[in-house]
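The values are calculated or read from the model by the stated rules, or taken from the named source; none is laboratory data. For clarity, every value in this text was computed on a predicted model and none was experimentally measured. We place every Cβ from the backbone using ideal geometry, glycine too, and count neighbours over all the protein chains shown. Each accessible area value is taken on the protein alone, full model and side chains, heavy atoms only, with ligands, DNA and RNA left out. Shrake-Rupley method; radii C 1.70, N 1.55, O 1.52, S 1.80 Å.
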Amino acid sequence: MISQLKSFTRKMVAGANVATIIIMLIVGFSDYVNPANHPLLSLVGLTFPLLLVVNLGFLVFWLIFCKRMAIIPFLGFIVTYAPVRTYIPFNMPHETPIGAIKVMSYNVHGFNGRGSEHNPQAPEDIINYFKKTKPDILCLQEDCGWIQTTIENRMDSIFAHHDKAVFGESNILNGISIYSRFPIIKKETIPYESKGNGSCAFYLDINGKTVVVVNNHFESNCLTADDKTKYKTIIKKAMEGETAKSDTRYIATKLAEASKRRAPQVDAVHEYVERIRKKYPVIVTGDFNDNPISYTRRVMAKGLTDCYVETARGLGLSYNQKGFFVRIDNIMCSDHFIPYNCHVDDKITASDHNPIISWLKFGYKP
């Protein structure tokens, strides 16, 4: 009787494990769903880390109680290798070669601080951080706010060249800027519909080569402080096997609407990049406001190298608010470059984002 019960339990757990892997596969490739057509379905990528944890739990269970069955979760990680690597890559570190260009992308939250309360020390901390890290190309999002003129004067003493595009209305301004040690030839805004977001292509002269840096701030999810609290509660209850139906429905609807608006913005930038990348080397940076398993990241990465996926290690949580386990900031490049040692720097806490950094060296992969 006991042996039959053990066999039944083993089969039930194995079935649940296989079902989890099937769901992992579906969710892992949900970035092929266009949010403009299916906004709610496009959100399932947010559940991918939870599924990874569940499958890891199955692996631990089998290793303790029935080692030979551990092959099931192990195969699960193999068949979902592509989305797993996109979400949490593990690459060997390589020495950054001499002459590589240091590129940084950073949403500075209007130089206003990390949370909802104003932090008067944030501007000084951010400027000192730039002085210390010395990026060759610095792309900022939400470069706007109460101290803007003072900030620009201080920044111009660090960087030789600076340009900016401002999007939105007087009450919803969003500055997309670039600071560079290389001359800026011109800029072109990439037209798409949005009230306070935008994308701008900055043409740089890098040692005689024209390089296009496309800086983006795609549609924000516009979650209020109360919304973020609800979202954290949903995640916590999901981890505990519970649900909060009304909050889940409300947050999902809000995220879906933002995702639907973001899709044509991403399409517009991708089309622009496709037109120019055969003529010019291209670097794409910015706050994508979407998770790694998303239509946004997948479409922007088409024809480009995702520097984080290709060279980084770990989750790289660029949005640093507790409960939000996502990398929403990115650096990508055309095949004119080889990326090195991309990472998210969590040593500065002066914004609600962490900066993402990568080194790029002119050349083609052998």
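Can you run down the residue pairs with Cβ atoms below 8 Å, 6 or more apart or on separate chains, where the first is in the stretch 281-298 and outside any loop (DSSP other than H, G, I, E, B) and the partner is surrounded by 24 or more Cβ atoms within 10 Å (Cβ to Cβ) and basic (Lys, Arg)?
Hits for this filter: Thr296/Arg262.
Considering only residues of the stretch 1-42 that are of a type in the set (Gly, Ala, Ser) and buried (at least 18 other Cβ atoms within 10 Å of the Cβ), which is farthest from Cys66 (Cα to Cα)?
Here the answer is Ser42.
Report yes if Asp335 is in a loop (DSSP other than H, G, I, E, B), open to solvent by 30 Å² or more (accessible area, probe 1.4 Å) and at pLDDT 95 or above, otherwise no.
So Asp335 fits the description; yes.
Within the stretch 299-315, can you find the residues that are open to solvent by 20 Å² or more (accessible area, probe 1.4 Å) and either without any contact (Cβ under 8 Å) to a residue 12 or more places away in the chain or among the β-branched types (Val, Ile, Thr) (or both)?
Scanning the stretch 299-315 gives a single hit, Thr305.
Within the stretch 40-47, identify whether any single residue is free of Cβ contacts under 8 Å to residues at least 24 places away in the same chain and over 25 Å from the mean Cα position of the chain (by Cα), and answer yes or no.
Among the residues of the stretch 40-47, not one is free of Cβ contacts under 8 Å to residues at least 24 places away in the same chain and over 25 Å from the mean Cα position of the chain (by Cα), which makes the answer no.
Ser318 - would you say it is touching a residue at least 40 places away in the same chain (Cβ under 8 Å) and either of a type in the set (Gly, Ala, Ser) or buried (at least 24 other Cβ atoms within 10 Å of the Cβ) (or both)? Show your work before the answer.
On the way: touching a residue at least 40 places away in the same chain (Cβ under 8 Å): no; either of a type in the set (Gly, Ala, Ser) or buried (at least 24 other Cβ atoms within 10 Å of the Cβ) (or both): yes.
No: the conditions fail for Ser318.
Among what's in the stretch 197-230 and is among the hydroxyl-bearing types (Ser, Thr, Tyr) and open to solvent by 40 Å² or more (accessible area, probe 1.4 Å), pick the residue that is modelled with the highest pLDDT.
Narrowing the stretch 197-230 to residues among the hydroxyl-bearing types (Ser, Thr, Tyr): 199, 203, 210, 220, 224, 229.
Those left that are additionally open to solvent by 40 Å² or more (accessible area, probe 1.4 Å): 210, 224, 229.
Values: Thr210: 98, Thr224: 60, Thr229: 60.
Looking at residues that are among the hydroxyl-bearing types (Ser, Thr, Tyr) and open to solvent by 40 Å² or more (accessible area, probe 1.4 Å), I get Thr210.
Residue by residue through the stretch 301-326, note down the ones that are charged (D, E, K, R) and in contact with a Phe, Trp or Tyr (Cβ under 7 Å, 6 or more places away or on another chain). Walk me through it before giving the result.
If we filter the stretch 301-326 for residues that are charged (D, E, K, R), which is where we start, we get 302, 306, 310, 313, 322.
Residue satisfying the conditions is Arg313 alone.
List the number of the failed condition for Tyr179; all other conditions in (1) more than 19 Å from Asp125 (Cα to Cα); (2) open to solvent by less than 60 Å² (accessible area, probe 1.4 Å); (3) in a strand (DSSP E or B); (4) at pLDDT 95 or above hold.
It fails just one condition, (1).
Mind listing just one residue for me: the one in the stretch 338-358 that is open to solvent by 20 Å² or more (accessible area, probe 1.4 Å) and over 17 Å from the mean Cα position of the chain (by Cα) and, of those, nearest to Asn107 (Cα to Cα)?
Among those residues, the one meeting the criterion is Thr349.
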